[in-house]
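See below for the structure under consideration.
Laboratory data are not the source of any read-out in this text; all were calculated from the coordinates shown. Bear in mind that the values here come from a model prediction, so they are computed numbers and not experimental data. Here the Cβ positions follow ideal geometry from the backbone for every residue, glycine too, while neighbour counts run over all protein chains shown.
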Amino acid sequence: VCGGLDTATIYGNQPSIGRAIASEGLLGGGRDGVPTPWVQTKLWRSVKPEDVVKTIKKDLKDLQIERLDCWLMHWPGPGRHLNYPPVTRTDVTVVKADVREPDPSSSESTLLYDIEDVGAPSKPSLYLASKIPNANPSKVISCPSTWSPSTRHKIWSQMSKCVDLGLTSTLGVSNFTLPQLRSLLTYCSTHNLHPPTLLQNEFNPLITLPPNLLNFLHKNNIRYQAHTCLGGRSKFLLKHPTVIKIADKLRVETADVLFRYAKKKVGNVIIKSDYPEKVIKNFRIMKCGEWDITEEDMNRLDGIKEE
């Protein structure tokens, strides 16, 4: 049983997901009365405003569906260091950045970007992006060189248009801060656009949901969805003594503890695995039927700090 599917253009797996949806008969109620899964995908930050509608149509074709349940803006901007590290389909690093002022005598090809309001330091900064020779330029997926904070709103205008076109039922955002979310809602209000109904952010014992953000979401009827509940690639949480102790006591894996922690805290959780048996197991964890974490242990998890 699949309650929902979360993917993104950048993941490169939408064609295979589409084949799975079609082969399993999940459209129109699925086989034997199985509910149609909620399907959401995310628009990558390299897409220009003029290509937004074309992108969602390609996503729908790949997923073999007529309409998304929710379409999310994957990131609010290019990132703190303008595509660094870049997203590529290889391991080639093609862009680096620092906060030096440009050297007029340098022969390096450089670009300057004002990255105010994209998660950078509190004061606006200019980041110098130096292009490094790349043997696979076609593999690089980066932001337009003309990106600015206003680009986010231009893209959202086109995403809102996709609701009117019947290509998605709702819109959402991912990895947004409260100031970015507040700015977007103000823009939607003044321009009569569809507002976001979902915020998908990282959530785990190290990165929780601030009370002021939670209140803002409730006030504006925006649902919260957690991702990266295991703490990302560092594996810090999976190896943390507190998590291990709780897992040993419950006779489960440390990943199980972290997924259940997020489920108890925020309810709506994105879980993933490359292994079918773990997908089934994770689904059972979300059902919260066989075991649970005590309030005392929840408090212990709340107290974990990154060393």
Measuring from its Cα centre, the stretch 204-307 shows a charge dipole (+1 at each Lys and Arg Cβ, -1 at each Asp and Glu Cβ) which, in debye to the nearest 20, is 280 debye
Around Pro210, what is the net charge, scoring Lys/Arg as +1 and Asp/Glu as -1 over all other residues with Cβ under 15 Å from its Cβ? +1
Determine the gain in length on full extension of the stretch Arg300-Leu185; use 0.36 nm per residue of separation and subtract their C-alpha separation, reporting nm with one decimal. 37.8 nm
Here is the link list: Lys235/Lys264; Lys42/Lys154; Lys219/Lys263; Lys54/Lys154. Which ones come out longer than 19 Å on Cα distance? Lys235/Lys264; Lys219/Lys263
Applying 1/(1 + (r/R0)^6) with R0 = 30 Å to the Cβ-Cβ distance of Ser273 and Thr36, what FRET efficiency is obtained, to the nearest 0.05? 0.85
How far apart, in nm, are the 7 Å Cα→Cβ label points at Asn192 and Leu238? 5.1 nm
Fully extended contour minus Cα-Cα distance, from Ser157 to Leu178, at 0.36 nm per residue: 5.6 nm
Taking the Cβ-Cβ separation of Asn215 and Lys54 as r and a Förster radius of 35 Å, what is the calculated FRET efficiency to the nearest 0.05? 0.40
Sort the stretch 162-269 into rounded, prolate or oblate with this rule: let a ≥ b ≥ c be the square roots of the eigenvalues of the Cα gyration tensor; rounded if a/c is under 1.5, and if a/c is not under 1.5, prolate when a/b is larger than b/c, oblate otherwise. prolate
